[in-house]
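J.: Quick one: this structure, given as structure tokens, is what I'll be asking you about.
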Amino acid sequence: MIVKEGKSVFKGVAIGKIFVYRKAQKAVSNEQVEDTAAELERYEAAKGKALEQLKGLYEKALRDVGEEEAMIFDVHQMLLDDLDYNDSIHSIIENDKMNAEYAVFMTCEQFSVMFLSMDDDYMRGRAADVKDISERVISILNGTQVSPEAMPEPVIILAEDLAPSETVQFDKSKLLSIVTQKGSANSHTAILARTMNIPSLVMTDIEPSLEYHGRTAIVDGFAGLIYIDPDEETMAKMIEKKGKADAQRALLQEMKGKETVTKSGKHIHLYSNIGGVQDVDAVLENDSEGIGLFRSEFLYLGCDDYPSEEVQFEAYKTVLSRMGGKKVIIRTLDIGADKQIDYFDLPKEENPALGFRAIRICLTREEVFRTQLRALLRASAYGTLSIMFPMIISVKEIVRIKEIVEEVRLELERENISVGDFELGIMIETPAAAVISDQLAPLVDFFSIGSNDLTQYTLAIDRQNQSLDAFFDPHHEAILRLIQMTCENAHKHGAWCGICGELGADMELTAKFIQMGIDELSVSPGYTLELRKRIREC
Ligand code: PEP
Ligand code: MG
């Protein structure tokens, strides 16, 4: 039995097989082969697997985002089955006696050049698709390809690190736990694991070596441990621990339907943080009162190109409709820093957390912002919507945002498209915003405190940097004072004030937040019932 230690980001016990996730290898091996028939067979098997995955992706996209977006995976299947493409690969293997990876790579190069030299824009665009399908086949061939669709049963993912764009690709029903060698407890990948309600570890003392692939493991999110090939005694102990955790969760079910109210009768709005339409089930299951933070950027992270107004409208409308009139706060695009999206083609930055991100991108690339606002305003007719803007630092930004929102509203009105009522609010996640919250409050309906970034910027500690973990202290007096000040300033000007950063779920601070006058706490759905219990004890 091997035991390794990590930092837990969500409590619970997961038992299952390890799936070693490795990023696709960029370098392609270039080798002569003797047995070309076996090599051809290897290629055909990889192609078959890729086609199966693409079919799965088509069906998933069809379910999640609609037919228009799903079509790309249909096109990919056709390209992969293309006669000329396959003839070229076969010829390189049979005639040049080269390995399959190299044959796919060379064919990809030739086809990309051919597509790129065409006059037609549509055909030129196919170069990227050929590259995409070829990379998929190569990574299956060299064993680096790991996609959620390839998982036969729910697994424990073991990886060096995961970017948010990789984590969103996983099919949640196939995930028992995520264990990473790197990462930090405040990263978006950790936040996603919490939203998914799965026991997970970061900063784990383990190399994601393929030797672990397929081996049985137990992740103990209470103790921050992973056991590989557990012995009988450990397995029995962990099954018991899991049983107790399940029983405790079952006990919390009695909190469903109860009011989130303190002993002295103050009602606290208890909302959920989500990353996409698929998380609404967890929100409803946990009897949350609303959605306090829909990180809309995950919608962008899950796409290969800018999501259209229609795709966004459908997603927002679905969330609003499914919440049946309960409040839904959707945050506009917050990319940059650790949330990078290739198709935005953003410049490389020395210091991305202090760089071109969130509202700065939206106010610079207004067409992207306006598309999202049109989708949001159209969706506002289907429920109780609040729109929230991230990374605000000045009055000037809010004034400009409100002008743009008004222009978009008038534009829709001219097009006879109905728009409902909606609140406008901002995230307080920079010290600048907290310090001038008295000036910002009169301009908005609400504040939502993003304690993750507020901690990062107040303490000057990169939230992604695992070696600074010991210094990252969200309980720091400076942060608590900024929260208190923000809340007081909101109330002085008739705005309400909540917390949607991870600190909102920190039950050691619940009583303090209530004393400060915090009106709302928005947390991962899995924390809802426990936090309700805690608030009722305050
Ligand atoms: C925050 O910064 O606290 C927050 C909620 O936003 P994110 O974690 O997505 O940066
Ligand atoms: Mg933030």
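No lab work stands behind these numbers, since they all come straight from the coordinates. Being a predicted model, the structure only gives us computed values, none of them experimental. Glycine also receives a Cβ, built like all others from the backbone with ideal geometry; neighbour counts cover every protein chain displayed.
J.: What do you get for GluC sites (Glu not before Pro) in the range 240-303 restricted to DSSP loop and a cutoff of at most 16 other Cβ within 10 Å of the site's Cβ?
T.: Loop-located and lightly packed - E259.
J.: Same structure, new question: Using the scaling law 2.2 N^0.38 Å as the reference, what is the normalised Cα Rg of the range 238-387?
T.: After normalising by residue count via 2.2 N^0.38 Å, the value is 1.26.
J.: Additional query: Just for the chain, what percent of DSSP beta bridges are antiparallel, to the closest 5? Could the numbers behind the result be given before it?
T.: Details: 19 of 61 bridges.
About 30 percent, rounded to the nearest 5.
J.: Still on this structure: How high is the FRET efficiency from T216 to R400, r the C-beta distance, R0 51 Å, rounded to 0.05?
T.: About 0.35, to the nearest 0.05.
J.: Let me ask something additional. If you wrap the range 114-244's Cα atoms in a convex hull and average its projection over all directions, what's the area in nm²?
T.: Averaged projected hull area, Cα only: 10.4 nm².
J.: Here's something else I'd like to know. Each residue of the range 397-402 in order: what ³J(HN,Hα) in whole Hz does its phi give by Karplus 6.51 cos²θ - 1.76 cosθ + 1.60, θ = phi - 60°, with x for Gly and Pro?
T.: So the Karplus estimates, Gly and Pro as x, are 5, 5, 4, 5, 4, 5 Hz.
J.: Could you tell me whether the range 224-301 comes out rounded, prolate or oblate from its Cα gyration tensor? Rule is a ≥ b ≥ c as square roots of the eigenvalues, rounded for a/c under 1.5, then prolate if a/b exceeds b/c, otherwise oblate.
T.: oblate
J.: Follow-up. Using every Cα-Cα pair within the range 43-83, state what percent have a distance larger than 11 Å.
T.: Percentage above 11 Å: 59.
J.: Label points 7 Å out from Cα along the Cβ direction at E411 and K60: separation in nm?
T.: 3.3 nm
J.: Sort all Cα-Cα distances of the range 411-463 into consecutive 5 angstrom bins from zero, then give the percent of pairs in each bin up to the one containing the longest distance.
T.: Taking every Cα pair in the range 411-463, the percentages come to 5, 18, 20, 14, 12, 10, 9, 8, 4, 1.
J.: Let me ask you something else. Treating the angle as unsigned and between 0 and 90°, give the value, to the nearest 10°, between the Cα long axis of helix 36-64 and the longest Cα principal axis of the chain.
T.: Compared with the principal axis, the helix lies near 30 degrees.
J.: Another question, if that's okay. Decide, for the chain, between rounded, prolate and oblate: order the square roots of the alpha carbon gyration tensor eigenvalues as a ≥ b ≥ c, take rounded if a/c falls under 1.5, and otherwise choose prolate if a/b is larger than b/c, else oblate.
T.: Note, shape of the chain comes out oblate.
J.: Okay, moving on. Tell me which trypsin sites (Lys or Arg not before Pro) from the range 1-107 have a DSSP coil assignment and no more than 11 other beta carbons within 10 Å of their own.
T.: For trypsin sites (Lys or Arg not before Pro) across the range 1-107 that sit outside H, G, I, E and B with at most 11 neighbouring Cβ atoms in 10 Å, the list reads K26.
J.: In the range 440-537, what chymotrypsin sites (Phe, Trp or Tyr not before Pro) fall in a loop by DSSP, with at most 15 other Cβ atoms inside 10 Å?
T.: In loop regions of the range 440-537 (DSSP not H, G, I, E or B), the sparsely surrounded chymotrypsin sites (Phe, Trp or Tyr not before Pro) are F471.
J.: Here are some pairs, K326/K512; K258/K533; K258/K326; K11/K339; K263/K512; K17/K174; which of them have Cα atoms lying more than 18 Å apart in this structure? Walk me through the intermediate numbers first.
T.: Numbers: K326/K512 27 Å; K258/K533 9 Å; K258/K326 16 Å; K11/K339 25 Å; K263/K512 14 Å; K17/K174 11 Å.
Exceeds cut-off: K326/K512; K11/K339.
J.: Once you have the Cα-Cα distance between N465 and D87, take 0.36 nm times their residue separation minus that, and quote the gain in nm to one decimal.
T.: So the chain would gain 131.3 nm between N465 and D87.
J.: Return the FRET efficiency for the residue pair L354, M507: r is the Cβ-Cβ distance, R0 is 30 Å, and the value is rounded to the nearest 0.05.
T.: 0.45
J.: Still on this structure, please answer the following. In nm², what is the average projected area of the convex hull enclosing the Cα atoms of the range 34-119?
T.: Answer in nm², one decimal: 6.3.
J.: Compute the distance in nm between two label points, each set 7 Å from the Cα along the Cα-to-Cβ direction, one at E310 and one at Q439.
T.: So the label points at E310 and Q439 sit 4.4 nm apart.
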